[in-house]
Amino acid sequence: MVGSSTSFAAPKTVQVSNPPAPGRVAVLLPLPLAGAYDYRAPEGPVPPAGSFVTVPLGQRMIVGVLWDHSGSSADLAEQRLKPVATVHDAIPMREPVRHLVDWIAAYTLSPPGAVLRMAMGPSDALEPEEGRVGFAVAADLPPPDAKDRRLTATRRRVLDVFGGTEALPAALLAHEAGCGTGVIRAMVEAGLLAETRLPARPPRPVPDWRLPFPPFSDDQQAAADVIVGAVEARRYETILLDGVTGSGKTEVYFKAIAAALQAGRQVLVLLPEIALGAQWHRRFEQQFGAPAAAWHSDLRPAERRGVWRDVAENRAKVVVGARSALFLPFADLGLIVVDEEHDASFKQEDGVIYHARDMAVVRASLEGVPIVLASATPSLESLVNAERGRYRRLVLADRHGGAELPKVTLVDLRDDKPDRQRFVAPSLITAITETLAAGEQAMLFLNRRGYAPLTLCRTCGHRMQCPNCTAWLVEHRFMGRLICHHCGHAERPPEICPSCEDKHSFAPCGPGVERLAEEITERFPDARIAVMASDTLTGPQAVADLVARVQQHEVDLLIGTQIMAKGHHFPMLTLVGVIDGDLGLSGGDLRAGERTFQMLHQVAGRAGRAERRGRVLLQTFDPGHPVMKALAAHDRDRFLALEADERRSHRMPPFGRLAALIVSAPDADQADQTAAALARAAPHLKGVDVLGPAPAPLAVLRGRHRRRFLVKTDRQVNLQAVLRQWLAGVRVPTAVRIQVDVDPYSFL
Ligand code: ADP
Ligand code: ZN
């Protein structure tokens, strides 16, 4: 059912339907086990599928989900079945979520329980909520009447306390009315008040779909009509909303959110990073008069539990979150939006390796609701899906209000050379000077955290390397540490070279944002400079504060990594300088060109969003590269056409299927032996190529030795079936781990 409507091969082994086995149920546990286990059904009426249950497993008691009523292994003798211990009084997991779990498990070759764990929610969300006793005005009480003999002055004061609130605790009522709690009891006896339960959480303000929108452009209106139509028709459809930065995509999908709210349904919005959140939330609240619920890893436990329950009970209407929000237990989902759909951070790279955008498409199809993928630089995958007719593409061609795209100039670093040990070319320095003189803002972009990416001994050439990974340590001068960006290993910069024992011989090589800030501070001592990187800004609030400072023009020069490339709107920003436009183009990454194009395009989109035209200066050693030429010409289609040809000729995604296998072990020999065994068992099938094994570019990561295979197949091949069969034929020692990465985005 799913496979036909999305871009994915339908895994063939999702639901194995055994005949119902009376008295037994299959329970899936949030553990990396092969499948669901059978238990004896509890006495009495059989709980519905999706019920949360506690069952024994060995010596432990574990909470899982009643997966189906058929039982999976009917051969387990009846008397050896252990009984279900508890059926929790919580809203059962709905069928679309259970199917999503099975679907992702089959697609990513992960144990279903490992996927279930992401969909279980906070463990305490299943506990019964403490339902404190409260008091409400008796339902049949007529409007207060002077003649009502029951109503003393004190009792009237108690009634006045309610003021629209439905139920309040006795202590609060008594306190506010200035009486004892005995009065409250007596009022219940007199039929004035009724005892009830208090809601455990304060009600959430409901976003208001009735608030007016600005008048739309024709493009916007046409796009909004299509999406609103799909929301109202409650039908699955993937809509690619493709429009340059500032063209009003957010306004358009807000309109679709309003339509879902009007229908009483819920909306899920996925954003790539919570750093983006603050500005988004502000805009949402402006439009809808109430906040959206946020779902991310920084929530405090009580907030987490509250959001989870409110989503399940249809009290939270709009939820915005990162990847993991995909698994929230919506009671009545009406629309999914994935903003910045091309963003690589939707790919989860550890544990269950999955792409949240793609799985959101699956969820939308399982729920039977539309999904909007929005981007100024859609992924090649999504564009090709639109070409193939699987997705519907809606284009917003112009910037709202006719603001012009910035002019992009390539700065050829071979001619326009920065000074020694400096990184900003003379022409960019001139442009910054002009911008500041005009009272405008500039931004310098360098996607490298820290001070310097490499620390080198000037005497012997020794390079400071991570003890756990095949990676250089990055100097973070601000923190006084050398840090591995892969495993987090940190150490003090050594005073003596560990190799030649020379003193104070270390020198930084190459720029990070901290070093760039140092250079700029020297050049522009009077400018107000701020650095924006994920390690200098701790958390969404810090990002929001800095964004606000830039918007209020308390900052002249902003220096940052990719976290500032996204979504922010800076009206006085008219110059963007890209320090290392070539960074990211090298390396064996399938999407390096595409990603660089997207990132640079997005950075360029920061410039001149309001009435002033912006300009972008792009430093490069390779001005002839197709990515650079396409950027300078604003020619996205040309770039994508070249990129598509390249991938098509190599049968690479989306023109073929791709998966990576990563074999890792604490011991290099073990990794090699398992890799060799896999190589011997590798499939020899038409349309299937196995490349490798090869040492991974990150040959050692967190102390594990890594070998990689790439499996490349034709589009019509069932990649999962090939992988499953292959892996089933190889015995893997316990110390060795094989990670399967279907549709890999990381090639390290
Ligand atoms: P995108 O999401 O494509 O980057 P936005 O929706 O953020 O674009 O729109 C860019 C700016 O233009 C925002 O400040 C937004 O409020 C404004 N805007 C968009 N559409 C309209 C409209 N129809 N009328 C008035 N302002 C609009
Ligand atoms: Zn490391």
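The values are calculated or read from the model by the stated rules, or taken from the named source; none is laboratory data. Just so it is clear, the model here is predicted, and its values are computed rather than measured. Cβ atoms come from the backbone with ideal geometry, glycine included; neighbour counts cover every protein chain shown. The area values use the complete protein model at the heavy-atom level, side chains included, leaving out ligands, DNA and RNA. Shrake-Rupley method; radii C 1.70, N 1.55, O 1.52, S 1.80 Å.
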Partnerless Cys - the chain, beta-carbon criterion under 4.7 Å | CYS179, CYS487, CYS509
Centre separation in Å (Cα based) which lies between the stretch 358-428 and the stretch 629-708 = 24 Å
Can you give the helix-only mean residue ellipticity at 222 nm for the chain, where every DSSP H stretch with n ≥ 4 adds -39500 (n - 2.57) and the sum goes over all residues, rounded to the nearest 500 deg cm²/dmol?
-> -9000 deg cm²/dmol
To the nearest Å², the heavy-atom accessible area per residue of the chain with 1.4 Å probe amounts to 44 Å²
Could you calculate the contour length gain from PHE213 to GLU349, that is, 0.36 nm times the residue separation minus the distance between their Cα atoms, to one decimal place in nm?
-> 45.1 nm
In cubic angstrom per residue, the convex hull of the stretch 365-446 built on its Cα atoms measures 203 Å³
Loop GluC sites (Glu not before Pro), the stretch 400-466 (other Cβ atoms within 10 Å of the site Cβ: 12 or fewer; DSSP) | GLU404
In the chain, what percent of the accessible surface is made up of carbon and sulfur (1.4 Å probe, ligands and nucleic acids excluded)?
-> 52 percent
Listed by chain and number, the residues whose amide H is under 5 Å from that of LEU573, excluding neighbours fewer than 5 places away on the same chain and using placed H, are GLN441, GLY608, ARG609
Between VAL53 and residues 5 or more places away or on another chain, the pairs with built amide H atoms under 5 Å apart involve GLY64, VAL65, LEU66, HIS88
With point charges of +1 on the Cβ of Lys and Arg and -1 on the Cβ of Asp and Glu, referenced to the Cα centre of the chain, which listed residue (GLY35, VAL627, PHE597) lies farthest in the positive direction of the dipole?
-> GLY35
By what distance, in whole Å, do the Cα atoms of the chain stretch along each of the three principal axes, largest value first?
-> 95, 70, 58
Eligible aspartates and glutamates near LYS82 by straight Cα distance, threshold 14 Å, same-chain separation 8 or greater | ASP38, GLU43
Expected field for VAL555, accessible surface area in Å² at 1.4 Å probe radius, rounded to 10, holds 0 Å²
Interchain or long-range residues, amide H under 5 Å from ARG657's placed H | THR713, ASP714, ARG715
Cα-only Rg/Rh for the stretch 614-698 with Kirkwood Rh rounds to 1.17
Summed over the other residues with a beta carbon less than 12 angstrom from that of ALA677, with K and R at +1 and D and E at -1, the charge totals +2
Net lengthening on full extension, ASP415/ALA679 (0.36 nm per residue, minus Cα-Cα) | 90.2 nm
Please give the per residue volume of the convex hull enclosing the alpha carbon atoms of the stretch 664-743, rounded to a whole number of Å³.
-> 87 Å³
Select from VAL424, MET443, SER382 the residue farthest towards the positive end of the dipole of the stretch 378-458; place +1 on Cβ of Lys and Arg, -1 on Cβ of Asp and Glu, and compute about the Cα centre.
-> SER382
Derived scalar couplings ³J(HN,Hα) [the stretch 439-454; Karplus, 6.51 cos²θ - 1.76 cosθ + 1.60; whole Hz; x for Gly, Pro] = x, 10, 10, 10, 10, 10, 10, 8, 7, 9, 6, x, 8, 8, x, 8
Tell me, what is the 1.4 Å probe accessible area of GLU78, in Å² to the nearest 10?
-> 80 Å²
Per residue and in cubic angstrom, what volume does the convex hull of the Cα atoms of the stretch 274-429 have?
-> 216 Å³
